[in-house]
Amino acid sequence: MSLNRFEEMNSVQIDALREIGSIGTSHAATSLSSLLGTEVRIPLPEVKILGFNKAVEELGGFETISAGIISFLSGQINGMMLALFELEAINLLLDRMMGKTVKDYSELTEIESSAVIEVGNILISTFINALSNLTDVKITPSVPQFAIDMQGAMITVPMAAYGNQSDYIMLLGGTFLIDNKEIPCKLLLAPDVKSLNYLLYRLGIGE
């Protein structure tokens with residue numbers, strides 16, 4: 001029986017998505033390692049299926065300012081992915097890539113913003129490629145869009161697009177370790193319900 005909403009998934013289906021999430025984030029860490037030229041590890045990848053409000057709380061709250069990289073998905077899976085970085089994480093990345101940091105998001109130059117977008121795009125693209133290879137489905141991410149805003153405002157993007165289908169979203173990621181420094185990074189995956197059903201079917205645990 002096909003799912004009508006995310007919350008109808010059973011424990012087997014959720015566990016399968018968690019496993020895919022863990023593999024995808026591990027691949028993302030490997031790609032980030034290549035970009036930065038140093039070892040990047042993600043000791044305990046997190047994969048949670050949460051309501052939108054709970055997801056924002058997990059990310060640090062509605063009013064927490066973050067930089068967000070959004071990519072829309074098309075092909076056999078439709079939806080979107082969102083990578084979120086707070087200022088501390090951005091500075092660790094900029095320091096490694098460019099040897100500099102900023103005191104506020106407003107100080108980010110076009111070049112520095114492009115560097116953050118590149119990191120977010122690599123994380124999203126690598127995760128999508130891993131998902132595509134594991135399930136043998138074609139997924140095409142769009143050119144990433146960049147925004148700096150309150151997390152509550154950015155989460156309204158998937159809410160507006162898919163809130164009529166479900167109040168749930170998949171929260172991925174954890175803490176990347178770069179030179180023994182922690183970089184919190186969160187990825188959010190929001191496929192539409194039709195795509196979710198197809199994904200579960202390709203995994204052999206759906207109809």
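Observations on the structure shown:
- Those strands (runs of 3 or more DSSP E) of the range 67-151 in which 3 or more residues are within 14 Å of the chain's Cα centre (by Cα) and surrounded by 15 or more Cβ atoms within 10 Å (Cβ to Cβ) occupy 79-85.
- Of all residues in the range 46-105, those being in contact with a strand residue (DSSP E or B) (Cβ under 9 Å, 6 or more places away or on another chain), at pLDDT 85 or above and of a type in the set (Val, Ile, Thr) number 6.
- Filtering 3, 36, 32 for residues that are in contact with a helix residue (DSSP H, G or I) (Cβ under 7 Å, 6 or more places away or on another chain) and over 19 Å from residue 118 (Cα atoms) leaves a single hit, 3.
- Among all residues of the range 85-98, there is none that is closer than 16 Å to residue 169 by Cα and touching a Phe, Trp or Tyr at 6+ places or on another chain (Cβ under 7 Å).
- Number of positions in the range 38-69 that are out of contact with any Phe, Trp or Tyr (no Cβ under 8 Å at 6 or more places or on another chain), closer than 21 Å to residue 196 by Cα and hydrophobic (A, V, I, L, M, F, W, C): 2
- Test: residue in the range 153-176 that is at pLDDT 85 or above, surrounded by fewer than 16 Cβ atoms within 10 Å (Cβ to Cβ) and assigned to a helix (DSSP H, G or I): no
- Residue pairs meeting the criteria (Cβ under 9 Å; at least 6 apart or on separate chains; first closer than 13 Å to residue 170 by Cα and among the acidic types (Asp, Glu), in the range 7-35; second loosely packed, with under 15 Cβ neighbours inside 10 Å and modelled with pLDDT of 80 or more): none
- The range 78-92 residues that are on the phi > 0 side of the Ramachandran plot, paired with ones that are among the hydroxyl-bearing types (Ser, Thr, Tyr) (beta carbon under 8 Å, 6 or more apart): 79/162; 79/195
- Subset of the range 33-66 (residues that are of a type in the set (Ser, Thr, Tyr) and surrounded by fewer than 20 Cβ atoms within 10 Å (Cβ to Cβ)): 33, 34, 38, 64
The values are calculated or read from the model by the stated rules, or taken from the named source; none is laboratory data. Owing to the predicted nature of the structure, the values given are computational and were not obtained by experimental measurement. Cβ sites come from the backbone with ideal geometry, for glycine too, and all protein chains shown count toward neighbours.
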